[in-house]
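Q: Just dropping this structure here.
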Amino acid sequence: MIISARGARPARTAVLAAVAALAVPLVVAPIAAAPPAAADAPLRVHAAARGKFIGYAASTSPLANEAAYRSVAASEFNQVTAENAMKWDSTEPSDGNYTFAGADQVMAFATANNQQVHGHTLVWHSQTPGWVQGLSASAMRTAMQDHIATVVGRYANNAALVSWDVVNEVFDDNGNMRTSFWYNTLGSSYIADAFRYARAADSNARLCINDYNVEGINAKSTAMYNLVRQLRADGVPVDCVGFQGHLAIQYGFPSQFRENLDRFAALGVQVRITELDVRMQLPRDSTKDATQATYYRNVVQGCLAVTACAGVTIWGFTDKYSWVPDTFSGQGAALPWDANYSTKPAYTAIHDALDDGTSPNPDTTPPTTPGTPVASGVTSSGLSLSWTASSDAVGVTGYDVLRAPGASGGSFAVVGTPSSASFVDSGLAASTTYRYQVRARDAAGNVSSLSSVASVTTTAGGGGPGPSSSCRVAYTISPWGGSPGFTAGVVLTNTGTSSLSGWTLAFTLPSGQAITPPGWSATWSQSGQAVTATPLSWNSTLAPGGSTTIGFNGTHTGGTSEPTTFTVGGSSCTVV
Ligand code: 9MR
């Protein structure tokens, strides 16, 4: 399906509007009845009971046509990654022509089977069309921004899409920056930019960096560790690290796998195994199968042992569809199901690692339906919602807040995922009616029924932030070498004694400086030299002492001096 054909690039806002209009409506799917708690339950039941995902990479052709493939995919896994369908050559094969047939197919199958989707991959040196590779630096940066805004934006309100590989394989095997066309044209700054563009397009999805041969502690994984630490210190929104896990029994199991996961977890990121397969020299035999099974078991047990490890994705699941034989001559049989869909010892190893007898019976009971949301503090641009909490046999882990425009019609989309029974919505239009519903989730992935609908109308004009309070601003500006650009970061802290809700930060940019939209972690606008930033849903409320980091890229015509005065709700902030 071609959704946008264009010669010249339209303004970014036009692209986003078009994407929003064409986005797949949120499907509020009933949850399929889970199988009974039994030792031979599918992998996904046991994984959910341990609070982890078990995923597979989907090949679109058998996903569309092959009953045996669809049956295993649907029943065994609770997460899916498109093996190829969300890559650049599939989604934007020529400049501005977006094709989402394969990606939408994977999304639809996942939604129908109550599976989460991990998006793979936005910025990679491989499977990126030639038209991108030949661009000048500024055109390449714009192309990257448009691509990320459009692809991520398409699924930003789809609750199934939970995470993205933003950049993939940025290192060579020695741990040096890979001298890809991205690096050669833009330098390493493309990495931080890609994450910022992705956060701007979806404030909820987890944003990951992904690579291979980083499973154990070695020079390459240490380079990855240093990069992630630096990016996070710079306020770049890196939430997660993916360890691909393309293993081979003839090369041994990665050394210090668990310790490696632990050191990344200590940086505050989520970790996950994203593309697990364990190949062997063909032909298969029972000894090789047994060794392969231990590798699978080790990976799953390592993830189970690390709280920050979200889960394990297998790169395919049947030897009938695997990239391995095409790439490594004489090797294959890398997956837990053989080419006839019979399980191998590797399957039993994964299954038994997940179901080690210590896990509770799989929780298949959803939380109770939450109460109808009640609005308070309604202004022209925002409001607070609260509702009677759900209960759950094991425990409610969070809620989805869904909003639809207007008093009727219009589809509901998820606008927030708070962990408790309240939510602050912002960025609303004055004198406008919105409808809200909420639903609850538990750790096993069970989802409650939707609450009744609450209709709320914002007040007419003149709204603004809640009670103004003391604030502190730390502003940093980092000029780009070789071009008249800069990156600005703002840490806004609520130094008052009450919560700051629906804030607006205002300041005056020195003359000659201008914001390059969209910025990140806030909605930025500039009029003359006056700049305002309003929050996104997730950082709309700052508790006393709480802070948020927001930022933008900009241009200058000479100087990169800093603004001197910042206000929130009209009151000046301390500047540090
Ligand atoms: O499995 C994918 C295969 O079908 C493609 O031909 C190949 C193209 O490079 O990419 C394979 O998937 C790769 C993944 O996207 C990134 N990590 C390495 C995977 C195996 O090459």
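Q: Open to solvent by 30 Å² or more (accessible area, probe 1.4 Å) and within 16 Å of the ligand (Cβ to nearest atom), is that true of TYR212?
A: So TYR212 passes the test.
Q: Related question: From the set of residues in region 204-220 that are in contact with a Pro (Cβ under 9 Å, 6 or more places away or on another chain) and not aliphatic (A, V, I, L, M), which is farthest from ALA137 (Cα to Cα)?
A: Only one residue tops the list, namely GLY216.
Q: Now, a different point. Can you find a residue that is at positive phi and either within 16 Å of the ligand (Cβ to nearest atom) or aromatic (Phe, Trp, Tyr) (or both) anywhere in region 334-342?
A: yes
Q: Which helices (runs of 4 or more DSSP H) sit wholly inside region 171-264 and have at least 3 residues that are closer than 22 Å to VAL306 by Cβ?
A: Where helices (runs of 4 or more DSSP H) fall fully within region 171-264 and carry at least 3 residues being closer than 22 Å to VAL306 by Cβ, they are 219-233.
Here is a yes/no grid of residues against (1) within 16 Å of the ligand (Cβ to nearest atom); (2) closer than 28 Å to VAL167 by Cβ:
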{"residue": "MET224", "(1), (2)": "yes, yes"}
{"residue": "ARG258", "(1), (2)": "no, yes"}
{"residue": "VAL269", "(1), (2)": "no, yes"}
{"residue": "ASP289", "(1), (2)": "no, no"}
{"residue": "ASN298", "(1), (2)": "no, yes"}
{"residue": "CYS309", "(1), (2)": "no, yes"}
{"residue": "GLY316", "(1), (2)": "yes, yes"}
{"residue": "PHE328", "(1), (2)": "yes, yes"}
{"residue": "GLY332", "(1), (2)": "yes, no"}
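One line per residue, one yes/no per condition, for (1) within 19 Å of GLY235 (Cα to Cα); (2) open to solvent by 40 Å² or more (accessible area, probe 1.4 Å); (3) in contact with a Lys or Arg (Cβ under 6 Å, 6 or more places away or on another chain):
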{"residue": "SER527", "(1), (2), (3)": "no, yes, no"}
{"residue": "THR534", "(1), (2), (3)": "yes, yes, no"}
{"residue": "ALA543", "(1), (2), (3)": "no, yes, no"}
{"residue": "THR549", "(1), (2), (3)": "yes, yes, no"}
{"residue": "PHE552", "(1), (2), (3)": "yes, no, no"}
{"residue": "HIS556", "(1), (2), (3)": "no, no, no"}
{"residue": "THR560", "(1), (2), (3)": "no, yes, no"}
{"residue": "GLY569", "(1), (2), (3)": "no, no, no"}
{"residue": "SER572", "(1), (2), (3)": "no, yes, no"}
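Q: Within region 325-334, is even one residue within 29 Å of the chain's Cα centre (by Cα), over 23 Å from CYS208 (Cβ atoms) and surrounded by 23 or more Cβ atoms within 10 Å (Cβ to Cβ)?
A: no
Q: Are any of the residues in region 227-234 open to solvent by 20 Å² or more (accessible area, probe 1.4 Å), under 25 Å from THR548 (Cα atoms), more than 16 Å from the ligand (Cβ to nearest atom) and acidic (Asp, Glu)?
A: Yes: region 227-234 contains one or more residues that are open to solvent by 20 Å² or more (accessible area, probe 1.4 Å), under 25 Å from THR548 (Cα atoms), more than 16 Å from the ligand (Cβ to nearest atom) and acidic (Asp, Glu).
Q: Spot the failing condition for ASP165; the list is (1) touching a Ser or Thr at 6+ places or on another chain (Cβ under 6 Å); (2) away from the ligand (no atom under 16 Å from the Cβ); (3) open to solvent by less than 10 Å² (accessible area, probe 1.4 Å), and only one is missed.
A: Status for ASP165: all satisfied but (2).
Q: If a residue must be modelled with pLDDT of 95 or more and either surrounded by 17 or more Cβ atoms within 10 Å (Cβ to Cβ) or away from the ligand (no atom under 16 Å from the Cβ) (or both), how many such residues does region 48-61 contain?
A: Here the count works out to 9.
Q: Give the residue that is nearest to the ligand (Cβ to nearest atom), with candidates limited to residues of region 238-256 that are open to solvent by less than 20 Å² (accessible area, probe 1.4 Å) and within 24 Å of the chain's Cα centre (by Cα).
A: GLN244
Q: Which residue pairs have Cβ atoms under 6 Å apart, sit 6 or more places apart or on different chains, and have a first residue in region 245-273 that is farther than 26 Å from TRP323 by Cα and a second that is within 16 Å of the ligand (Cβ to nearest atom) and of a type in the set (Ser, Thr, Tyr)?
A: Listed by first residue and then by second, the contacts come to ASN260/SER221.
Q: Give the residues of region 119-155 that are touching a Lys or Arg at 6+ places or on another chain (Cβ under 8 Å) and either more than 16 Å from the ligand (Cβ to nearest atom) or within 14 Å of ALA82 (Cβ to Cβ) (or both), sorted by residue number.
A: Answer for region 119-155, where residues must be touching a Lys or Arg at 6+ places or on another chain (Cβ under 8 Å) and either more than 16 Å from the ligand (Cβ to nearest atom) or within 14 Å of ALA82 (Cβ to Cβ) (or both): HIS120, THR121, TRP124, GLN127, THR142, GLN145, ASP146, ALA149.
Q: Hey, another quick one. Look through SER411, SER426, SER448, SER452 and report the one residue that is modelled with pLDDT of 85 or more and open to solvent by 20 Å² or more (accessible area, probe 1.4 Å).
A: Of SER411, SER426, SER448, SER452, the one residue that is modelled with pLDDT of 85 or more and open to solvent by 20 Å² or more (accessible area, probe 1.4 Å) is SER452.
Q: Let me ask something additional. Can you list the helices (runs of 4 or more DSSP H) found entirely within region 47-142 that contain at least 2 residues being hydrophobic (A, V, I, L, M, F, W, C)?
A: Working: elements: 60-65, 67-76, 88-91, 101-112, 130-133.
Helices (runs of 4 or more DSSP H) meeting the threshold: 60-65, 67-76, 101-112, 130-133.
Q: Sticking with this one: What single numbered condition from (1) within 12 Å of the chain's Cα centre (by Cα); (2) charged (D, E, K, R); (3) part of a helix (DSSP H, G or I) fails to hold for ARG154?
A: Failing condition for ARG154: (1).
The values are calculated or read from the model by the stated rules, or taken from the named source; none is laboratory data. Bear in mind the structure is a predicted one, so any value in this text is a computation, not a measurement. Glycine also receives a Cβ, built like all others from the backbone with ideal geometry; neighbour counts cover every protein chain displayed. Quick note on the areas: whole protein, heavy atoms, side chains included, nothing else; ligands and nucleic acids left out. Shrake-Rupley method; radii C 1.70, N 1.55, O 1.52, S 1.80 Å.
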